[in-house]
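The values are calculated or read from the model by the stated rules, or taken from the named source; none is laboratory data. Here the structure is a predicted model, which means the values were calculated and not measured. Glycine gets a Cβ as well: all are built from the backbone with ideal geometry, and neighbour counts include every protein chain shown. Just so you know, the surface numbers come from the protein's heavy atoms only, side chains and all, with ligands and any DNA or RNA stripped out. Shrake-Rupley method; radii C 1.70, N 1.55, O 1.52, S 1.80 Å.
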Amino acid sequence: MSTFLFRIGRWSFRHRRIVLALWLLIAVLTIGAAVTSGGKTNDNFTIPGTESQRATDLLAQRVPALSGGQTQVVFAAEENARITDTRQRDGIEQAVANLRKVDQVAEVTDPFQGGATSPDGTIGLGSVQYTVPPGSVNSSTLDDVKRAVQPAEAAGVHVAYSGSVFPGWTTAPSEGPELVGVVVALIILLITFGSLVAAGMPIVTAVLGVLITIMAVTAFAAVVNVATASTTVAIMLGLSCGIDYGLFVLYRHRNHVLRGMDPEDSVALSVGTAGSAVVFAALTVIIALCGLSVVGIPFLAVMGLAAAGAVLIAMLIALTLLPAMLGFAGPKIVQFISRPRRLHAHLERTAHTAATAPEEHRGARWGAFVVRHRVPVLILGVLLLVAMALPATHMRLGLPSGASQPTSNTQRQAYDLITEGFGVGANGPLLIVADGVTEQRRTDQLMAALGKLPDVAAVQPLTMEGGVSVIQVTPQSGPNDPETTSLVHRIRDDRAAIEGSTGATILVGGNTASNIDVSAKLSSALPVFLIVVVGLALILLTFAFRTFFVPLKSVLGFLLSILAAFGAQVALFQWGWGRHLFSIVPAETVSFLPIIMLAIIFGLSSDYEVFVVSRIKEDYSRTGDARGAVVRGMSHSARVVTAAALIMFCIFLAFMFTSDPTIKAIGFSFAIGVLLDAFVVRLTLVPAVMALVGGRIWSHPRWFRHLPDPDIEGKRLEEAHRGSGNQRQ
């Protein structure tokens, strides 16, 4: 592989204008495809194989008016007034009349006619049912909804919204986190390289890769449902992996040039050596992300494939476009910031030390410290991660409700008002879809049986048509409370008794039941996901390093870091330790976050494992000194891995400063996972274990000699260059 990549790097360097033109053409074509396709991300989720999805499908066939999206419209009177007062009531009724005229609206419930007013007359609850799924409701329709309720607002009534779709349910994507991440990455790269040219190159190539990815995802959104969060995750990974992969190749190239190697030979050799590590690291990430497809939830599969596409493009750019850009840069890649002179001298001295005497760098000193104190370092590191992981034992999964939003959000305001006026359970009613009901008395029998169940606050019929009766069950507990989950399971477990002699077949559906089903399906899929992803990655890493022990150590270290990251996430977001610092509203852990974290952090942890261990193996293959190889390998890899991990950490952390609580949780979880895995596991525990085990860690069965050697560290390639008179790194 290293020889093949060497040729790619040399070809890209020599034909840099062609390579640059091809990538720019790809960017133009993807932009054109995105614009002409009219594709847009949406949140039309289907959860195949779940009862709530079967209920939704049955409604779509028999009662289409109830299968579309729904907006709950909450009317709250101002202080010392009631919505039943003449002025307020007239405003609300006019608003209801206006809502019935809005495009895509199938049905509107009047809070006065439906009896949905609070006992004290201060809060009313209306609803708007749409003819299309939530993700297909036009933004113009939601704008018309806001205009329709203006008479109520003019009468002094506060209006708030919730439901599966409502005005303000999506926020315009902000470029703020991406810009903050890019700026921080530039600062870190400037510190690492001391050159604007060198610092800017990985960022420019990564941004181009992200642009291509997002345009391609947008184009595909015209033919498949792509969740809005998919683009955010793709941007996170495309930007961070793009910068990191470029950094690894560029760092080795610049060290070659600083030692006097010809730029063309240096680029080719860097792509052949560091590029091999990039390929294996990227493939591990891609495998982990594609593994989301085994979960059986389409929107997660699409999210994983979109992110995997971003990583693939980042890898291809690092192997082709970056060498071409280095060809354009030539010797400028080793030019340092010229002012002030003292800074210039420091940067030049540091860079030359890293290139010619890495054993004098902090990475080597840290490696020597870890090797010398390997036992206490190993014990303390493991204890730290175990202590951080303890809160994970209290993790509660759920999908975000209005309660998780800040108080300024209309969904949170609606949630609080509904709780105040009708009880917390009214925020998450269940839909009981009874098939085979043609008589009202059968519906009454079902309602009577449902009303006797514990935790049921109210039961009311919604409609009966097409042989289907739809009954709404309002729990006493909130949408994400364990009691509501128990109620859903109780109805399903006691299905036969509830159906009785009615001849009906009941299904439990609605948003709340759907969220419960998603969480249950994700929990049951985790073991399968881990076996598939970790198994494939173990095979890949075993093939790369030609030993069983290094991949096994990598997986054990990952499990420690991911559990610690889970614990930190629970403490910050579920227990609310960061509520003031990051404006966090304590809530359940987003149900799909653990499995996404497992995929992405496992892939990224393998990145750092490859880059650290490949340099150690490279030295051990040359010297046979196991412990000395750990120190010398750390001297070569610690500086660049530190820079790469800090860049990823800062890019992920920047997404905490958005208003979306889900994106906040994803950003923090990725950030803390990368931080712990890179600095505690890969740069501390891994060298400690390798020093403790010694050369035995590289032992392998004899039959391994019959397998092809990918030469991930580029040993044979560098030996060939030494033999032809080229200087070796």
- Note on the structure: Expected output for the stretch 649-663 (first residue on the phi < 0 side of the Ramachandran plot, partner surrounded by fewer than 19 Cβ atoms within 10 Å (Cβ to Cβ) and among the aliphatic types (A, V, I, L, M), Cβ below 6 Å, 6+ apart or cross-chain) is CYS650/VAL184; ALA654/VAL180
- Message: Considering only the stretch 135-147, I want to know if a residue exists there that is closer than 30 Å to ALA645 by Cα and either in contact (Cβ under 8 Å) with a residue 12 or more places away in the chain or surrounded by fewer than 15 Cβ atoms within 10 Å (Cβ to Cβ) (or both).
- Response: no
- Item | Residues of the stretch 1-53 satisfying the condition of being assigned to a helix (DSSP H, G or I) and acidic (Asp, Glu) | GLU51
- Task: List the number of the failed condition for ARG546; all other conditions in (1) within 27 Å of ARG615 (Cβ to Cβ); (2) basic (Lys, Arg); (3) open to solvent by 50 Å² or more (accessible area, probe 1.4 Å) hold.
- Result: (3)
- LEU522: more than 19 Å from LEU59 (Cβ to Cβ), in contact with a strand residue (DSSP E or B) (Cβ under 6 Å, 6 or more places away or on another chain) and either in contact (Cβ under 8 Å) with a residue 12 or more places away in the chain or not in a helix (DSSP H, G or I) (or both), yes or no? no
- Can you name the number of the only condition in (1) in contact (Cβ under 8 Å) with a residue 24 or more places away in the chain; (2) in a loop (DSSP other than H, G, I, E, B); (3) of a type outside the set (Asp, Glu) that ASN80 fails? (1)
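Condition check: touching a Leu at 6+ places or on another chain (Cβ under 6 Å) and open to solvent by 30 Å² or more (accessible area, probe 1.4 Å). Does ASN409 satisfy that?
Judged against the criteria, ASN409 is not a match.
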- Message: Being at pLDDT 80 or above, over 19 Å from the mean Cα position of the chain (by Cα) and of a type in the set (Gly, Ala, Ser) is true for just one of GLY667, GLY628, GLY673, GLY578. Which residue is that?
- Response: GLY628
- Task: Mind counting the residues in the stretch 359-387 that are surrounded by 21 or more Cβ atoms within 10 Å (Cβ to Cβ) and over 30 Å from ARG615 (Cα atoms)?
- Result: 0
- Query: Would you call THR502 touching a residue at least 24 places away in the same chain (Cβ under 8 Å), surrounded by fewer than 21 Cβ atoms within 10 Å (Cβ to Cβ) and closer than 26 Å to GLY367 by Cβ?
  - Reply: no
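Out of all the residues in the stretch 27-43, which are touching a residue at least 24 places away in the same chain (Cβ under 8 Å) and surrounded by fewer than 18 Cβ atoms within 10 Å (Cβ to Cβ)?
Selection gives ALA27, ILE31, ALA33, SER37, GLY38, LYS40.
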- Could you list, in sequence order, the residues of the stretch 261-298 that are in contact with an Asp or Glu (Cβ under 8 Å, 6 or more places away or on another chain), closer than 30 Å to PRO48 by Cα and either of a type in the set (Ser, Thr, Tyr) or open to solvent by 20 Å² or more (accessible area, probe 1.4 Å) (or both)? THR284
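On the given criteria, is GLY725 on the phi > 0 side of the Ramachandran plot, out of contact with any Phe, Trp or Tyr (no Cβ under 7 Å at 6 or more places or on another chain) and either acidic (Asp, Glu) or at pLDDT 75 or above (or both)?
Values: on the phi > 0 side of the Ramachandran plot: yes; out of contact with any Phe, Trp or Tyr (no Cβ under 7 Å at 6 or more places or on another chain): yes; either acidic (Asp, Glu) or at pLDDT 75 or above (or both): no.
No, not satisfied.
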- Message: Could you check the stretch 549-607 and list, in sequence order, the residues that are over 28 Å from VAL689 (Cβ atoms) and among the acidic types (Asp, Glu)?
- Response: GLU588
- Task: Could you tell me whether the stretch 689-703 includes any residue that is buried (at least 18 other Cβ atoms within 10 Å of the Cβ), modelled with pLDDT under 85 and among the hydrophobic types (A, V, I, L, M, F, W, C)?
- Result: yes
- Message: For the stretch 507-519, which positions are in a strand (DSSP E or B) and either out of contact with any helix residue (DSSP H, G or I) (no Cβ under 6 Å at 6 or more places or on another chain) or under 20 Å from ILE600 (Cβ atoms) (or both)?
- Response: none
